[in-house]
Amino acid sequence: MASGVAVDPKCVEAFQALVKDRKYRGVCFSINDTMTNVDVDKTFEPMDGGQAAWEEFAKTLPENDCRYCVYDFEYEMQGIKKNRVIFLLWSPEYSKVKAKMIYASSQEGVVNSMEGIQRQLQATDEDEISYTYICNQLKAHTASY
């Protein structure tokens, strides 16, 4: 990776458990204090999807620290329920500049280690992690008939 941060194999295992086994609804990853490794921060049990599940997940993101998140996002488009596995770089405005730089420069390596991500997003404030905003981002990049 360009930043020198390695991805722990447990991160890939947690991602695979989300995508293939549907063991989790979401997984958050953090870079350790020495800025050398990406580790699993939290996992979120599967629950009925939709807005309530997303809002519970979004509440857990720290106000002043960055995170990578993978989430099985459920939304509705033209009356049809859809799911997309999204990768979210949470980089809040009040997090440290060094952390923002490390997370941004390590993102590509993290994404490349996880095969099956359908959409990448970045958020810096609560408006950008609102259910409506994420839905609109996904709908803008989904084919309609």
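The values are calculated or read from the model by the stated rules, or taken from the named source; none is laboratory data. What you are looking at is a predicted structure, and each value in this text was computed from that prediction instead of being measured. When we count neighbours, we look across all protein chains shown, and the Cβ atoms used for this are built from the backbone with ideal geometry, even at glycine. When the accessible area is computed, the model is the full protein with side chains, heavy atoms only, and any ligands, DNA or RNA have been set aside. Shrake-Rupley method; radii C 1.70, N 1.55, O 1.52, S 1.80 Å.
From the set of residues in region 131-145 that are open to solvent by less than 80 Å² (accessible area, probe 1.4 Å) and without any contact (Cβ under 8 Å) to a residue 40 or more places away in the chain, which is farthest from the chain's Cα centre (by Cα)? Once the filter is applied, the top-ranked residue is A143. Scanning region 1-54 for residues that are among the aliphatic types (A, V, I, L, M) and touching a helix residue (DSSP H, G or I) at 6+ places or on another chain (Cβ under 7 Å) gives M1, A2, V5, V7, V27, I31, M35, V38, V40, M47. Scanning region 110-124 for residues being in a loop (DSSP other than H, G, I, E, B), under 21 Å from C135 (Cα atoms) and hydrophobic (A, V, I, L, M, F, W, C) gives a total of 1.
Scanning region 105-118 for residues that are of a type outside the set (V, I, T), surrounded by 15 or more Cβ atoms within 10 Å (Cβ to Cβ) and either in contact (Cβ under 8 Å) with a residue 40 or more places away in the chain or more than 24 Å from K82 (Cβ to Cβ) (or both) yields S106, Q107, G109, S113, M114.
Which one is farthest from S113 (Cα to Cα) among residues in region 17-61 that are hydrophobic (A, V, I, L, M, F, W, C) and assigned to a loop (DSSP other than H, G, I, E, B)?
First, pick out the residues of region 17-61 that are hydrophobic (A, V, I, L, M, F, W, C): 17-19, 27-29, 31, 35, 38, 40, 44, 47, 52-54, 57-58, 61.
Adding the requirement that they be assigned to a loop (DSSP other than H, G, I, E, B) leaves 35, 47, 61.
Details: M35: 18, M47: 26, L61: 22 Å.
Checking each candidate, the answer is M47.
Inclusion of A14 among residues that are over 12 Å from V110 (Cα atoms), in a helix (DSSP H, G or I), open to solvent by 30 Å² or more (accessible area, probe 1.4 Å) and not charged (D, E, K, R) is not warranted. Remark: Y71 matches the filter, which requires a residue to be among the hydroxyl-bearing types (S, T, Y), touching a strand residue (DSSP E or B) at 6+ places or on another chain (Cβ under 9 Å) and open to solvent by less than 20 Å² (accessible area, probe 1.4 Å).
The test for being closer than 12 Å to G26 by Cβ and at pLDDT 95 or above does not hold for L121.
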